[in-house]
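Asker: Before I ask anything, let me first share the structure, which is written out below as structure tokens.
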């Protein structure tokens, strides 16, 4: 069904697109410059329903023509995760730099030069382990055949998760910086209330202010993008032969650093092997 509000927005956007296409000729020498941003929010209502809002904004400058756009998507799901309602609203306006708007928007402050972790401080750690840093008091590192570029160690978080048995941290092989963290439960972790969404999903959404995405149609596997280079995965049932429920948090930059460090180790080993063989050949030649 198309309501009048949606029709009005579509007409407005189409009209503005036509206006942008008819910019002054002297703007042809300008170069497109676009800045964009997005924002997501999640709230859980008393009746178990979940409301999500996702806002995308962009400002494009082409010569002396400026176009501002904003798109807002709202969804509502019930306690089981079924979609109840969804709506989208769009806004756009174009103006030349010589024009004066009735209420000009303040200029966005320039972002300081910083690492991506600083842009999402809530995502800098998992279970108290900070990504990219050494784990205090953890030294029992071993090799894991399933993770050839990382070292594994067990640890005990300051505050454990109910129903979970084992915790593992994976670090880079040379510098021992945290790259992956696991929380594992031998038995399925029940939600406690059968009618609601699993409390672990809701807790992760609340902790990192992001949405859970179903990653598999064969089992309850969910993923959470908690920052540009960090993610969390949650498997509620049938995770591995040893564990039923597993939560994994990882830093992609640290995983790449681990691969680089491991390659350096392999290169040094190859070099040592070549030098050792050369010495053995030389010694044997002298003996003959």
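FYI, it's all coordinate maths here, none of it is from the lab. Bear in mind the structure is a predicted one, so any value in this text is a computation, not a measurement. Ideal geometry is used to build each Cβ from the backbone, glycine not excepted, and the neighbour counts take in all protein chains shown.
Asker: Which value in nm describes the separation of the simple spin-label points at residue 186 and residue 162, placed 7 Å from the Cα toward the beta carbon?
Answerer: 2.0
Asker: Between residue 272 and residue 130, what is the FRET efficiency for a Förster distance of 35 Å, r being their Cβ-Cβ separation, to the nearest 0.05?
Answerer: 0.55
Asker: Next question, about the same structure. If we sort 47-55, 226-234 on the protection proxy, mean other Cβ atoms within 10 Å, highest first, what's the order?
Answerer: Final packing ranking: 226-234, 47-55.
Asker: Also, I was wondering about something else. What list do you get for 177, 206 if you sort them by fewest beta carbons within 10 Å?
Answerer: Neighbour counts put them in this order, fewest first: 206, 177.
Asker: I would also like to ask the following. Run the numbers for residue 219 and residue 45: contour at 0.36 nm per residue of separation, minus the present Cα-Cα distance, in nm.
Answerer: Gain in length upon complete extension: 60.0 nm.
Asker: Okay, moving on. Fewest Cβ neighbours within 10 Å first, please rank 251, 165 accordingly.
Answerer: 165, 251
Asker: Let me ask something additional. With an 8 Å Cα cut-off and a minimum separation of 6 or more residues, compute the relative contact order for region 200-288 in percent.
Answerer: The normalised contact order for region 200-288 reaches 14 percent.
Asker: If you don't mind, there's one more thing I want to ask. Kirkwood Rh over alpha-carbon pairs of region 180-288, then Stokes-Einstein at 4 °C and 1.567 mPa s: what D in µm² s⁻¹, rounded to an integer?
Answerer: Value of D from the Cα-based Kirkwood radius: 74 µm²/s.
Asker: Give, in nm to one decimal, the length gained when the segment between residue 60 and residue 283 is fully stretched (0.36 nm per residue of separation minus the Cα-Cα distance).
Answerer: Value of the extension gain: 73.1 nm.
Asker: Could you give the length gained by full extension between residue 37 and residue 82, i.e. 0.36 nm per residue of separation minus their alpha carbon distance, to one decimal place?
Answerer: 13.4 nm
Asker: With 20 Å as the cut-off, how large is the P(r) tail for region 116-265, expressed as percent of Cα-Cα pairs?
Answerer: 49
Asker: Please list log₁₀ I(q)/I(0) at q = 0.16, 0.26 Å⁻¹ for region 202-246, using the Debye equation with identical point scatterers on the alpha-carbon positions.
Answerer: Results for region 202-246 at q = 0.16, 0.26 Å⁻¹ read -0.44, -0.93.
Asker: Once you put a point 7 Å from the Cα of residue 207 and another 7 Å from the Cα of residue 175, both along the Cβ direction, what distance in nm separates them?
Answerer: A separation of 2.5 nm, rounded to one decimal place.
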